[in-house]
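To start, the structure itself, in structure tokens.
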Amino acid sequence: MGFSGLFSDILTLLSLAELGVGTAILYSMYKPAATGDHRRVAALLNLYKKVYNTIGILITIIGLCLTPFLGFLISDIPDMPEIPIIYLLYLLNTTASYFFVYKKSILITDQKSYISSLIYISTTTAQNILQIVFLLLTHNFIVYLIIQVVCTMANNIAISIYVDRHYSYLKEYKNEQLDKESKVAIYNNVKAMFVSKLSSAVVTSTDNLLISKFVSTIVLGLYSNYTLFTTMFRTILSKIFEALTGSVGNLVALESGDKVYKTFRKIWFVNFWLVSFSCAGLFALVNTFIELWVGESYLLNLQVVFIICLNLYMRLIRNTFLTFNDTYGMFKQLKPKCIAEAAINFVVSLIMVGSLKMGIYGVLLGTFISNITTNFWYEPYLLYTKKFNVPMSKYFVLFAEYFVLTAISAGGSYWICNFLIDVGGWIGFIVKVIAVCVIVNLFYAIVFARTDEFKYLLGIVKAKIKR
């Protein structure tokens, strides 16, 4: 688990070579996709393919060059000859995606992200089943990773085949090129996006590097058990917002600022409900689950669990802002925030884990401090003042309301699960899961029953049930 967290984050840092090209090109595709300009969409996709093939080769070369230096970042682990092989399989799993992923963008802009999501669910389910079976049979981590690589490739190839079959115009315009002016515009956005990518990598990836170096790779393994759940929530919610990206892109391209703001409020409400429910459930149940799953010796203390859930909430509540800022193309405006976030996170986390000896809690507290001093106010500021023409006070009031309600639901869920429900074992855990699901969602349904945002969410749920 420690290797998994460490190597994944090393490769996240290597992925800085992507420079934000994908986001910049995707932003350029919204308008031609909305107006049916197939020739321009194909030209953008051709550029995407060329750049990503180059990036895939570059990351492979740099990743191979880092192999001899892995020992510097690993602590409290005996010499293991398998470490380079494990790392190289993680590298292959990362780089393989770059040669196919560009085709996924056409599904996003065409508002058909559900296709890629269904393929992802199918291949991931197959991957999990195969990994479980082979771990039970062989107890071999390398076999586990080989299955991961094969299923990642299968996912990308399946998406590629679907796109080739359903978007025949891409073959018709396979040699279409962008004009010089468009390339310059994309290049300028890429320069701005690089800072954002760098910031994101520093914030999300250096935590594990610092924990492995200054605390322990074994402690990182314990922490990785918790990040299994935070990654799961982030993946599920990112798929939802990935599906919304094309619709938001069309909305921004074609509608007035007032209509966009009203839609933004509704989407943010849905995001809040999902994020708040996820974080409340995680805080109340994660230690109970880990104790039942692998034992009490794998638990982190409640203080660390709290900061893990708090960081997850602060990250996921931004989903709506990130989606709208990207679709508005606010890349240059986000540069100063990204630089400040990365610097604050690294310096504060390093001081807390190095000088103050606060361990894993200090590293995670540094991430929270960098978030609250930058993202918390600057991303909303760009949207509210520059695009919506709405006072920032409305954002702060609504954020405070959402945060207080989340604190109440998380605290209440924790008290009910750990002090009120006196049933042990897996049966007790299932009872607690049901209790959290009912209590949190019923609480929010009562609080928001008369709001337009709740009626919007209820309409979505009813429509899905009818379908």
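The values are calculated or read from the model by the stated rules, or taken from the named source; none is laboratory data. Since the structure is predicted, the reported quantities are computational estimates derived from the model, not experimental observations. All Cβ positions, even for glycine, are placed from backbone atoms using ideal geometry, and neighbour counts span all protein chains on display.
Consider Y395 carefully, then state whether it is surrounded by 11 or more Cβ atoms within 10 Å (Cβ to Cβ) and at pLDDT 90 or above.
For Y395, the condition - surrounded by 11 or more Cβ atoms within 10 Å (Cβ to Cβ) and at pLDDT 90 or above - is met.
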TODO: Take region 316-334 and flag every residue that is modelled with pLDDT under 90, over 12 Å from the mean Cα position of the chain (by Cα), not in a loop (DSSP other than H, G, I, E, B) and not polar (S, T, N, Q).
DONE: F324, D326, F331, K332, L334
Open item on the list: Condition first: over 30 Å from K183 (Cβ atoms) and either touching a Lys or Arg at 6+ places or on another chain (Cβ under 6 Å) or touching a residue at least 40 places away in the same chain (Cβ under 8 Å) (or both). Can you find one or more residues in region 57-69 that meet it?
Closed with: yes
Task: Hits in region 294-320 - residues which are surrounded by fewer than 16 Cβ atoms within 10 Å (Cβ to Cβ) and in contact (Cβ under 8 Å) with a residue 24 or more places away in the chain - done: V294, Y298, Q303
TODO: Among the residues of region 268-299, count how many are farther than 21 Å from A445 by Cβ and of a type in the set (G, A, S).
DONE: 2
Task: Which listed residue is within 22 Å of Y384 (Cβ to Cβ) and crowded, with 22+ Cβ neighbours inside 10 Å, from F269, F324 - done: F324
Task: Check on N46, in contact with an Asp or Glu (Cβ under 9 Å, 6 or more places away or on another chain), in the same structural domain as I106 (by TED's automatic domain parsing) and surrounded by fewer than 20 Cβ atoms within 10 Å (Cβ to Cβ) - done: yes
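When the residues of region 288-315 are filtered to those that are among the aliphatic types (A, V, I, L, M) and within 16 Å of the chain's Cα centre (by Cα), which remaining residue is farthest from F376 (Cα to Cα)?
Filtering first and then ranking leaves I308.
Could you tell me whether L282 is assigned by TED's automatic domain parsing to the domain that holds F229, surrounded by fewer than 18 Cβ atoms within 10 Å (Cβ to Cβ) and in a helix (DSSP H, G or I)?
Considered against the rule, which asks whether it is assigned by TED's automatic domain parsing to the domain that holds F229, surrounded by fewer than 18 Cβ atoms within 10 Å (Cβ to Cβ) and in a helix (DSSP H, G or I), L282 comes out as no.
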Open item on the list: If I filter region 421-454 down to residues being charged (D, E, K, R) and surrounded by 13 or more Cβ atoms within 10 Å (Cβ to Cβ), which single residue comes out as nearest to A280 (Cα to Cα)?
Closed with: K432
Task: Failed condition for L178, given (1) under 30 Å from G5 (Cα atoms); (2) over 22 Å from the mean Cα position of the chain (by Cα); (3) modelled with pLDDT under 85; (4) not β-branched (V, I, T) - done: (1)
- [ ] For Y120, state whether it is hydroxyl-bearing (S, T, Y), over 30 Å from A34 (Cα atoms) and out of contact with any Gly (no Cβ under 9 Å at 6 or more places or on another chain).
- [x] no
